[in-house]
1. Answer with yes or no whether THR6 is modelled with pLDDT under 90, assigned to a helix (DSSP H, G or I) and polar (S, T, N, Q).
2. Going by what's in this entry, would VAL46 be described as at pLDDT below 80 and either in a loop (DSSP other than H, G, I, E, B) or surrounded by 10 or more Cβ atoms within 10 Å (Cβ to Cβ) (or both)?
3. Need the failing condition index for LEU68 against (1) among the aliphatic types (A, V, I, L, M); (2) in a loop (DSSP other than H, G, I, E, B); (3) at pLDDT 90 or above, just the number.
4. Within the bounds of the stretch 21-39, is there any residue that is among the small types (Gly, Ala, Ser) and either modelled with pLDDT of 90 or more or touching an Asp or Glu at 6+ places or on another chain (Cβ under 8 Å) (or both)?
Amino acid sequence: MSHNATEPTQLVPYVEALRARLPAAQFILLMRTFNAWLTGGGRLGVPLVPHQRAEDEPFTAELQNEMLTLMRLTTAS
């Protein structure tokens, strides 16, 4: 991720730490979701699908928590 003057200063190091810590597939899913949120004006257009079992859910509780952290870092002043 390239540093941009409009990015909160904590976001870049946090994303780099996620890249190092998460398996590649999880990191890519998280970044795609985060990008969709950023480019969607702060909303996600998620289609309604039948609920999956927790163990089959690709967007795990850990990724959900990381997404919330990224959102908070992005909106922090």
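The values are calculated or read from the model by the stated rules, or taken from the named source; none is laboratory data. In this text the structure is predicted, and so the values were computed from the model without any measurement. A quick note on method: Cβ atoms are made from the backbone with ideal geometry, for glycine too, and the neighbour counts reach across all protein chains shown.
1. No: the conditions fail for THR6.
2. Values: at pLDDT below 80: yes; either in a loop (DSSP other than H, G, I, E, B) or surrounded by 10 or more Cβ atoms within 10 Å (Cβ to Cβ) (or both): yes.
Considered against the rule, which asks whether it is at pLDDT below 80 and either in a loop (DSSP other than H, G, I, E, B) or surrounded by 10 or more Cβ atoms within 10 Å (Cβ to Cβ) (or both), VAL46 comes out as yes.
3. The one condition LEU68 does not meet is (2).
4. yes
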